[in-house]
Structure formats: structure tokens, C-alpha cells
Amino acid sequence: MKAIWGLDYDFREDKCYERPSCPECAEPIGKVGDDDNYYCYSCGKKVEVDDPKMLEWFKIRRETRVRMTDCFPDKVEMKNGEVVKMGCGGKQCVETHYMRNPITLKWQVMGGKCKKCGMEFIV
């Protein structure tokens, strides 16, 4: 089965975009784990990707970056007056992971973890 171009949705941009998809159910495909093959995220079937444009599409969108950033403040006051512990306020101690937005290709945060206090977040 050869991949086809299908539609997917990006919630951050609130837009649909074309992406390699399953020829049987038209759902998105991608790599799973360390396997070099592509699989449908919906039906689980193996899908062949040999179109150079599709291979380039995946290559760009699989790129990731890791940067060290500051941790959230120790305590944050919420709008209702409640004080919540967030992080440690440390400098350059959060390993923050970035990926590309599938539409704009701009870098966006995926999540991170503080090396000092263990605070974790996922976007």
C-alpha cells in the first residue's frame, strides 16, 4: 500500500493541512518507535512511502530541538487568590523540547523537565 496525500488538523493554527496518509482509511501515518517503516495511526497497517516530497515532509517535521530554559517560579498566585507551587525558579535548569509546527514549520514547545526540582510539563 502506497501512501496518499490526505488532510489532518492542527489545533494550534486551527487549520487543516495535507500530510501523508493511509490509502485505505485516509488517516495520518508515521513511524512508530525505532522501526524504519511507516504505519497508519488508525488501522495499524504498514504503508509504503517512496514519494520524495512525502519523505521530505516527514524529514522536516521530525526535527526536534532541546534548549535549557528557566524553571517556573516557586509560587504563583492564581486569579482567585490561591497560591500554587509551580517550580523552583531556577535559571537554565529546564530541559525544554521543541518540535516544528506541521503547518508553519516554526519551532513550538512540546514539553520539558526541570533538572533541579523535577517539575515536568507537556504542551
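Data table
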{"item": "Spans of strands (runs of 3 or more DSSP E) in the stretch 1-119 with at least 3 residues surrounded by 14 or more Cβ atoms within 10 Å (Cβ to Cβ)", "result": "4-10, 15-21, 38-40, 94-100, 107-114"}
{"item": "Enumeration of residues in the stretch 22-58 that are in contact with a Pro (Cβ under 6 Å, 6 or more places away or on another chain) and not hydrophobic (A, V, I, L, M, F, W, C)", "result": "Y41"}
{"item": "Every residue from the stretch 54-81 that is more than 30 Å from E18 (Cβ to Cβ) and of a type in the set (S, T, Y)", "result": "T69"}
{"item": "Residues of the stretch 52-75 that turn out to be farther than 15 Å from G30 by Cβ and modelled with pLDDT of 95 or more, as a count", "result": "9"}
{"item": "Inter-residue pairs, beta-carbon under 7 Å, first in contact (Cβ under 8 Å) with a residue 40 or more places away in the chain and in the stretch 1-18, second in a loop (DSSP other than H, G, I, E, B) and among the hydrophobic types (A, V, I, L, M, F, W, C), 6+ apart", "result": "A3/V49; D10/I103; E13/I103; K15/I103; Y17/I103"}
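The values are calculated or read from the model by the stated rules, or taken from the named source; none is laboratory data. Because the structure is a prediction, the values reported are computed rather than measured. Heads up, the Cβs are rebuilt from the backbone with ideal geometry, glycines too, and the neighbour counts pull from every protein chain shown.
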